[in-house]
Amino acid sequence: MESSNAAYGSIMEPHSTSFTPSVAFSSSSPQPGQGNFRRLSCIEDNSPYPIPGLAADILQMRVKEGSKIRNVLRFATTRMQGDGGDSSSTSLRQVVFTGSGRGVTKTITCVEILKRKVAGLHQLSKIYYKTLNEVWESPQQGAPGITVERTVPAICILLSKDPLNPQEPGYQPPQTLCVSTEDAVRHGDLRSTSGSPFPQHAAKRLCLEDWTGCPPRTSKV
């Protein structure tokens, strides 16, 4: 995913961390993440997506660190292709993927795979910060818990079958497979020296070589 990550810009490091204990702790007091402290919950802020003009009923795919890529893609692909299992189901035009913290890389992976499953998708990517509120339980019986506020990097990616504004920062056009004239002449008509056609697996390998040699255009956020 090195070449794909370059199109999204560098992933930002966690911005800040603050502790809000219920009572004052001494300098020797244990900190969250150390000793027997246990995280009880993690709540994300409800800040709006950094992409303007999103429909209220748009398909939202929130990818977390523990999300299964297979499950995320199965659901998103089914909705975008309109394979809901009944004749009345229609394919969606747009889907937005979001992820924060350690889920950012997995979010990008899901997007790149979906773009290969559903052709012709326009893309708009935005990187921003998100605030998380974590509640930690103290190892000491009867001691108050600690609320930790962390600011982590997050990414929001819109995939659309309909054209998007190409002047918007973070826009990427649909991927296209391009093969240079020189490569076409070199490969000829995909026939061996004996005159018999190449086997199917050789043709597939040839297509992959052409793809890696001519990657899609990307734009940095």
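What do you reckon, is THR90 more than 14 Å from GLN60 (Cβ to Cβ) and assigned to a loop (DSSP other than H, G, I, E, B)? So THR90 fits the description; yes.
Among residues of region 118-141 that are crowded, with 18+ Cβ neighbours inside 10 Å and among the basic types (Lys, Arg), none has a beta-carbon under 6 Å from a residue that is modelled with pLDDT under 85 and part of a strand (DSSP E or B) at least six positions away or on a different chain.
Restricting attention to region 26-43, does a residue exist that is closer than 30 Å to GLN141 by Cα, touching a Phe, Trp or Tyr at 6+ places or on another chain (Cβ under 7 Å) and modelled with pLDDT under 60? Scanning region 26-43 turns up at least one residue that is closer than 30 Å to GLN141 by Cα, touching a Phe, Trp or Tyr at 6+ places or on another chain (Cβ under 7 Å) and modelled with pLDDT under 60. Within region 100-126, the set of residues being under 15 Å from the mean Cα position of the chain (by Cα), modelled with pLDDT under 95 and not in a helix (DSSP H, G or I) comprises just one member, SER100. Among residues of region 32-57 that are closer than 17 Å to THR151 by Cβ and assigned by TED's automatic domain parsing to the domain that holds THR131, none has a Cβ under 6 angstrom from a residue that is surrounded by fewer than 10 Cβ atoms within 10 Å (Cβ to Cβ) and at pLDDT 80 or above at a sequence gap of 6+ or on a separate chain.
The values are calculated or read from the model by the stated rules, or taken from the named source; none is laboratory data. This is a predicted model, so every value here is computed, not measured. FYI the Cβ positions are ideal-geometry reconstructions off the backbone, even for glycines, and counts take in every protein chain you see.
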